[in-house]
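Asks: Handing you this structure, nothing more for now.
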Amino acid sequence: AEISVVGLQASGKTSFVNVIGSGQWSEDVVPTVAFNYRKVRKGNVTLKIWDVAGQPKFRSMWERYCNGVDAVIFVVDSADPEKFGTARFELHQLLSQPSLVGVPLLVLGNKNDIDGHTSVKELISVLELQKIQGRAVSCYSCSMKSQNNLDIVLRWLADRSH
Ligand SMILES: Nc1nc2c(ncn2[C@@H]2O[C@H](COP(=O)(O)OP(=O)(O)OP(=O)(O)O)[C@@H](O)[C@H]2O)c(=O)[nH]1
Ligand SMILES: [Mg+2]
């Protein structure tokens, strides 16, 4: 399957790709410039992953890298509520693009190892995920640092692979 990983800067997109790609967790990850492409094999599933940069100047590129993929993963830092409004805006902006009609969406509330992180139920509400129509939408709480819930994320991806 081909997937695209988007979301605001420092939400943990590159960490996600590193952890599922090689099991490598690191505190020091360089902010992505433009994008990284990585092919990951998990059992008999091959994932072609576009890890796209999240800083404001790169967000207009998200649509280009999401165009034609089998699924979009939107990563949110669930321990940084000040960014939820911007995340909601950018997510709904992206989903409004005609090229993305029907593409399945997985929202990851990352960094659940941090005390006070926001629950899935609250994320669904603040990101207004219930308003999204015409596509499969899932939302999981996870951590790249502790690798919590990565198994269910990989199962979700395997179910969308061909
Ligand atoms: N505590 C904690 N920190 C995390 C987790 N995932 C990522 N981080 C940290 O968050 C920071 C940003 O991670 P990146 O993976 O570079 O974030 P990004 O979304 O790729 O950022 P851009 O490439 O700039 O869009 C790094 O210091 C990571 O170590 C997590 O699950 N828990
Ligand atoms: Mg990155």
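Asks: Yes or no: the stretch 117-132 includes at least one residue that is aliphatic (A, V, I, L, M), in a helix (DSSP H, G or I) and buried (at least 20 other Cβ atoms within 10 Å of the Cβ).
Replies: Checked the stretch 117-132: at least one residue is aliphatic (A, V, I, L, M), in a helix (DSSP H, G or I) and buried (at least 20 other Cβ atoms within 10 Å of the Cβ).
Asks: Which fully enclosed strands (runs of 3 or more DSSP E) of the stretch 4-86 have 1 or more residues being within 16 Å of ligand 2 (Cβ to nearest atom) and farther than 27 Å from G102 by Cβ?
Replies: The strands (runs of 3 or more DSSP E) meeting that bar are 71-77.
Asks: From (1) assigned to a loop (DSSP other than H, G, I, E, B); (2) in contact with a strand residue (DSSP E or B) (Cβ under 8 Å, 6 or more places away or on another chain), pick out the condition that doesn't hold for I114.
Replies: (2)
Asks: Give me the pairs, please: first residue somewhere in the stretch 133-151 and among the charged types (D, E, K, R), second residue anywhere and more than 16 Å from ligand 2 (Cβ to nearest atom) and in a strand (DSSP E or B), beta-carbon distance under 8 Å, and either six or more positions apart or on two chains.
Replies: Hits for this filter: R135/L105.
Yes/no per residue for (1) surrounded by fewer than 17 Cβ atoms within 10 Å (Cβ to Cβ); (2) part of a loop (DSSP other than H, G, I, E, B); (3) hydroxyl-bearing (S, T, Y); (4) within 15 Å of ligand 1 (Cβ to nearest atom):
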| site | (1), (2), (3), (4) |
| --- | --- |
| L94 | no, no, no, yes |
| S99 | yes, no, yes, no |
| V103 | no, yes, no, no |
| V107 | no, no, no, yes |
| Y140 | no, no, yes, yes |
| K145 | no, yes, no, yes |
| R155 | yes, no, no, no |
| A158 | yes, no, no, no |
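Asks: A further question follows. Is it true that Y37 is away from ligand 1 (no atom under 12 Å from the Cβ), closer than 12 Å to V6 by Cα and aromatic (F, W, Y)?
Replies: When the stated conditions are applied, Y37 does not pass them.
Asks: Could you list, in sequence order, the residues of the stretch 83-108 that are within 15 Å of M61 (Cβ to Cβ) and of a type in the set (S, T, Y)?
Replies: S99
Asks: Regarding the stretch 127-138, can at least one residue be identified that is closer than 19 Å to Q9 by Cβ and either of a type outside the set (D, E, K, R) or within 16 Å of ligand 1 (Cβ to nearest atom) (or both)?
Replies: The answer is yes; a qualifying residue exists.
Asks: Might you check whether a residue that is of a type in the set (F, W, Y), closer than 27 Å to W25 by Cα and either out of contact with any Asp or Glu (no Cβ under 6 Å at 6 or more places or on another chain) or modelled with pLDDT of 95 or more (or both) occurs anywhere in the stretch 89-103?
Replies: no
The values are calculated or read from the model by the stated rules, or taken from the named source; none is laboratory data. Quantities reported herein were computed from a predicted structural model and do not represent experimental measurements. So basically every Cβ, Gly included, is an ideal-geometry build from the backbone, and we count neighbours across all protein chains shown.
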